[in-house]
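The values are calculated or read from the model by the stated rules, or taken from the named source; none is laboratory data. This structure is a prediction, so every number in the text was calculated from the model and none was measured. With ideal geometry, Cβ positions are generated from the backbone for all residues, glycine too; neighbour counts draw on all protein chains shown. When the accessible area is computed, the model is the full protein with side chains, heavy atoms only, and any ligands, DNA or RNA have been set aside. Shrake-Rupley method; radii C 1.70, N 1.55, O 1.52, S 1.80 Å.
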Amino acid sequence: RVVALDAGAEEVAQVRATAYAMAEAGELAEGGSVLAVRGDARALPFPSGSFDRVVAAEVLEHIPDDQRAIGELARVLKPGGVLAVTVPRFGPEALNWLLSREYHDVPGGHVRIYRRGQLAARLRLGGLRPVERHHAHGLHSPYWWLKCLVGVGRDDHPLVQAYHRLLVKDIVEGPRWTRAADRLLSPVWGKSLVVYAVKLA
């Protein structure tokens, strides 16, 4: 059973439509369900200890009061439950900020760049114990550097369109060569830092 949450009504509607399509196609596990709700990460609309696992993917860098959000993520986890959190990796993200003010200085944009130790310390303050980490999305960093160079809003640029097609192919089809390239590039300049943390009893 999966519960998705977002602050945006449009995003929640998209998740509901995707979940419906998956159910219609028989792609959900038997007895499985997907619920999408709108809510605030700083005041999650769930009882304490509701979830075995929580994923916060590319969320915390948008929230000024990230410590409060981390506390909420920890609150809704069961003791011993696992949180997987991803944030933009420091190096690639710092380059994006250097290349383009438009990239982050927008309503709802990124308000901070995390260093690995800083994120781990904030998770510990929230009652979580970091246990593992890695970098991901090695193919994505060059895409965002390119967008920052030509203009973040220039989705019509031929190079941006070509690179976007590559990323879609990787996500949808997962050919061996893109998977191999991503594995090779992620430790070097992967766009995301992924940290797994366990809720202390």
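Under a plain spin-label model, where a point goes 7 Å from the Cα along Cα-to-Cβ, how far apart in nm are residue 10 and residue 176?
Label at residue 10, label at residue 176, 4.0 nm between them.
Could you please state how large a percent of the accessible area of segment 155-201 is carbon and sulfur, counting protein chains only and using a 1.4 Å probe?
Its accessible area is 65 percent carbon and sulfur atoms.
Any idea how far apart residue 67 and residue 112 come out in nm if each label point goes 7 Å out from Cα toward Cβ?
0.9
Taking R0 as 35 Å, what FRET efficiency do you get between residue 99 and residue 28 from their Cβ-Cβ distance, rounded to the nearest 0.05?
Once rounded, the FRET efficiency stands at 0.30.
How about segment 1-107: which GluC sites (Glu not before Pro) there are in a DSSP loop, with at most 14 other Cβ atoms within 10 Å of their Cβ?
27, 30, 58, 102
Quick one: if the Förster radius is 30 Å, what FRET efficiency do residue 35 and residue 165 give, using the C-beta to C-beta distance and rounding to 0.05?
About 0.40, to the nearest 0.05.
Could you tell me the distance between the Cα centroids of segment 74-119 and segment 126-154, to the nearest Å?
Cα centroid of segment 74-119 versus Cα centroid of segment 126-154: 9 Å apart.
Could you work out the local net charge near residue 126, counting Lys and Arg as +1, Asp and Glu as -1, over the other residues with Cβ closer than 11 Å to its Cβ?
With Lys, Arg at +1 and Asp, Glu at -1, the net is +4.
Net charge near residue 14, counting Lys/Arg +1 and Asp/Glu -1 over other residues with Cβ under 15 Å of its Cβ?
Result for the neighbourhood of residue 14: -1.
Roughly how many debye, to the nearest 20, is the charge dipole of segment 64-201 about its Cα centre, given +1 on each Lys and Arg Cβ, -1 on each Asp and Glu Cβ, and no other charges?
With Lys and Arg at +1 and Asp and Glu at -1, about 560 debye.
I'd like the antiparallel share, as a percent to the nearest 5, of DSSP beta bridges with both residues in the chain.
Taking every DSSP beta bridge with both residues in the chain, the antiparallel ones total about 60 percent.
So I have (1) 18.4; (2) 19.5; (3) 17.1, and one of them is Kirkwood radius over Cα pairs in Å calculated from this model. Which one is it?
(1)
Given the options 189, 7, 160, identify the residue whose Cα lies farthest towards the positive end of the charge dipole of the chain (+1 on Cβ of Lys, Arg; -1 on Cβ of Asp, Glu).
189
Once you keep just the Cα pairs under 8 angstrom separated by 6 or more residues, what percentage relative contact order results for segment 56-201?
38 percent.
For the chain, report the accessible area per residue in Å² (1.4 Å probe, heavy atoms, rounded to an integer).
Normalised by residue count, the accessible surface of the chain is 58 Å².
How much of the accessible area of segment 63-111, in percent, comes from carbon and sulfur atoms when a 1.4 Å probe is used?
Carbon and sulfur: 61 percent of the exposed surface of segment 63-111.
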